[in-house]
1. Which numbered condition trips up B:Ala161, out of (1) touching an Asp or Glu at 6+ places or on another chain (Cβ under 9 Å); (2) closer than 30 Å to B:Gly9 by Cα?
2. Which numbered condition in (1) under 24 Å from A:Leu317 (Cα atoms); (2) part of a helix (DSSP H, G or I) is the only one that A:Ala138 fails?
3. Across the range A:257-269, what is the total count of residues that are of a type in the set (Ser, Thr, Tyr) and surrounded by 22 or more Cβ atoms within 10 Å (Cβ to Cβ)?
4. Would you call B:Pro201 modelled with pLDDT of 90 or more and either surrounded by 19 or more Cβ atoms within 10 Å (Cβ to Cβ) or within 14 Å of another protein chain (Cβ to nearest Cβ) (or both)?
5. One residue is enough: does the range B:160-167 have a residue meeting the conditions within 10 Å of another protein chain (Cβ to nearest Cβ), within 28 Å of A:Val357 (Cβ to Cβ), assigned to a helix (DSSP H, G or I) and small (Gly, Ala, Ser)?
6. Could you list, in sequence order, the residues of the range B:72-123 that are of a type in the set (S, T, N, Q), closer than 18 Å to A:Trp220 by Cβ and part of a loop (DSSP other than H, G, I, E, B)?
7. Scan the range B:77-92 and report the pairs whose first residue is within 11 Å of chain A (Cβ to nearest Cβ) and whose second residue is assigned to a loop (DSSP other than H, G, I, E, B), with Cβ atoms within less than 6 Å and a gap of 6+ or a chain change.
8. Which of the following residues is over 18 Å from A:Cys170 (Cβ atoms), surrounded by 24 or more Cβ atoms within 10 Å (Cβ to Cβ) and away from chain B (no Cβ under 14 Å): A:Ile232, A:Ile278, A:Ile292, A:Ile272?
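The values are calculated or read from the model by the stated rules, or taken from the named source; none is laboratory data. Remember, it's a predicted structure, so these values are computed and weren't measured experimentally. Counting neighbours? That spans all protein chains shown, and the Cβs are built from the backbone with ideal geometry, glycine included.
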Amino acid sequence: MTQAQEFESATKDADQNVAQFEERRSPLARLQHLLHGNPALVPLIVLIGLIAFFGIFAGDRFFSAYTLTLVMQQVAVVGILAAAQTLVVLTAGIDLAIGVIMVFSFVIMGNLVLTDGSPGDFAMPAVLALLAGFVVAAFWGFVNGNLVARLKLPPFIVTLGTWNIIMAICLIYSENATMREADLTAQTQLLHVFGQNFRVGPAVVTYGVVAMIALYIALWFMLNHTAFGRHIYAVGDDPDAAELAGISTSKVLIGVYTLAGVIAGLAAWVSIGRNGSISPSTVVTDFNLQAITATVIGGISLFGGRGSILGVLFGTLIVGIMSMGLNMMNADPQWKVLLTGVLIIAAVAVDQWIRKVSA
Amino acid sequence: MEPILTARGLVKRYGKVTALDNCDFELMPGEILAVIGDNGAGKSTLIKAISGAVIPDEGEIRLEGKPIQFRTPIEARNAGIETVYQTLAMSPALSIADNMFMGREVRKPGIMGSVFRQLDRPKMQAFAREKLNELGLMTIQNINQAVETLSGGQRQGVAVARAAAFGSKVVILDEPTAALGVKESRRVLELIRDVKNRGIPIILISHNMPHVFEIADRIHIHRLGRRLCVIKPSDYSMSDAVAFMTGAKVPEGVAEVA
């Protein structure tokens, strides 16, 4: 004990436990702590609740391996994009360009394996075309990352800008010409490999679904068991503290946006398998907002640094299950839109509540 | 005895403002040296120059007699100088163990570490637990709980433990008791003593005169960008020290320059 000063003697009758924890907590506070420690729990509970609900009210047809694997096939592309979005959102950023990066990437993959017969245009080997698609996707992510990290521009503004830029370049470059599946498969099967499937009993599993699940496992490992993953959380949580602790925040940010681009390239490849043909006009689809929706419902905090990537997988499935279930109940499709909106607001409200946790 | 850390003639200018004006500094092995000074006297610039956060325009810093030139805080850290910032520099949502190893994570041996870059969680947790134990901080139950669930004093304790665990040569503490209550301040002062008893010299920046006079071996009084004098707390009163640092009084044998 160091020599205390006189006025401090008044504290000697006070509770001597400086760093004790309150053992008694209300059930609500305990739930708050549980969710704080396990952020994927909320979407998991909602997902199980939805499956139970539709299992009861939409009948046996819904609660079958076939239907549930069909949902997986439907959400694979958005699920992969949501994984990319998650990395960016964890750094307290947002990537509005992620959807158009994917479309631009598959347009390039398709365009390069085809030839219009004019001199100078030759069909590239599929491996090189795929590689080019990935490189272009990574490049746009790299551009976003540099604008955010080096020029210190807000991610929302940067990606709002590149969203428009890439969309325009994509339409100019492709002349908005759709590439037919037959033309593509005449050249190569490789582009459609993620559309192929195998059966496990009544369940139909495409390689696209396998790719999505493998990606989530890999990213879960990266985020939780590598230094880079921990740094992503630290940068999103408090960039100044991370910098003082010796982390190069700009390197982490550029790495994250570039990796998000590469993952969008994977989404592009899976998307070709799912859709068959390649149409540049899908560049106007709101893939970016769908990915953000899944991310938020999955419990990733838009303020950065919080949430689990597994929650995003559940969030993606929540949207897919809701869509499929309501469809089978012959509900107006707008109900799905309405309920998605409710879930987004509820998810952010729950996040705010969990953040207020204290000892 | 040779000083472990010395600075000679440090100058740092920000435009027209001279934050460090030919400043000297000395830290002896095993001591607690308090740095006090009025607001704007340049004490944080001095500390930042030592911890690598600011590069001085002129002057020389020596660590154990060898000249050093840090360009980043990381270089200072690698040389064994750890700083606990007033903001603590911790990620609230991450665990105690994660925070202690932030930026210097330990990877698993073998292929899981080299190829898959897997962190050695058990090793880092054991080390963090050991360090907190050494400093008597094991009222913190769970090494994996998020830092934001800790009280202010506990957070400060973790930050000091982190610095003490890795700061092999010098630990710098910037206002460690500024945000704490009476009891928590007491605990942190004890912690500082514990770190000192383990032979690590400490630079303590504080505005709290009672704390400074209680714990410091010597007090470096900073005024107008340079060292005015170094006093022993036993030779002077707190009001003398305050008078020196505000310019109300001039210590014997020192000519007031400005």
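1. In the conditions (1) touching an Asp or Glu at 6+ places or on another chain (Cβ under 9 Å); (2) closer than 30 Å to B:Gly9 by Cα, B:Ala161 misses (2) alone.
2. A:Ala138 satisfies every listed condition except (1).
3. Residues of the range A:257-269 of a type in the set (Ser, Thr, Tyr): A:257-258.
Of the ones still in play, those that are also surrounded by 22 or more Cβ atoms within 10 Å (Cβ to Cβ) are A:257.
Qualifying residue count, the range A:257-269: 1.
4. Working: modelled with pLDDT of 90 or more: yes; either surrounded by 19 or more Cβ atoms within 10 Å (Cβ to Cβ) or within 14 Å of another protein chain (Cβ to nearest Cβ) (or both): yes.
The answer is yes for B:Pro201.
5. Taking the range B:160-167 and keeping what is within 10 Å of another protein chain (Cβ to nearest Cβ), we get B:162.
Checking the rest, the ones that are also within 28 Å of A:Val357 (Cβ to Cβ) come to B:162.
From what is left, the residues that are assigned to a helix (DSSP H, G or I) are B:162.
Imposing the further condition that a residue be small (Gly, Ala, Ser) reduces the set to none.
No, every residue in the range B:160-167 fails to be within 10 Å of another protein chain (Cβ to nearest Cβ), within 28 Å of A:Val357 (Cβ to Cβ), assigned to a helix (DSSP H, G or I) and small (Gly, Ala, Ser).
6. Answer for the range B:72-123, where residues must be of a type in the set (S, T, N, Q), closer than 18 Å to A:Trp220 by Cβ and part of a loop (DSSP other than H, G, I, E, B): just B:Gln118.
7. Qualifying pairs under 6 Å: B:Glu82/B:Gly167; B:Gln86/B:Glu175; B:Ala89/A:Ala245; B:Ser91/A:Asp238.
8. Values: A:Ile232 fails: away from chain B (no Cβ under 14 Å); A:Ile278 fails: over 18 Å from A:Cys170 (Cβ atoms); A:Ile272 fails: over 18 Å from A:Cys170 (Cβ atoms).
Only one candidate qualifies: A:Ile292.
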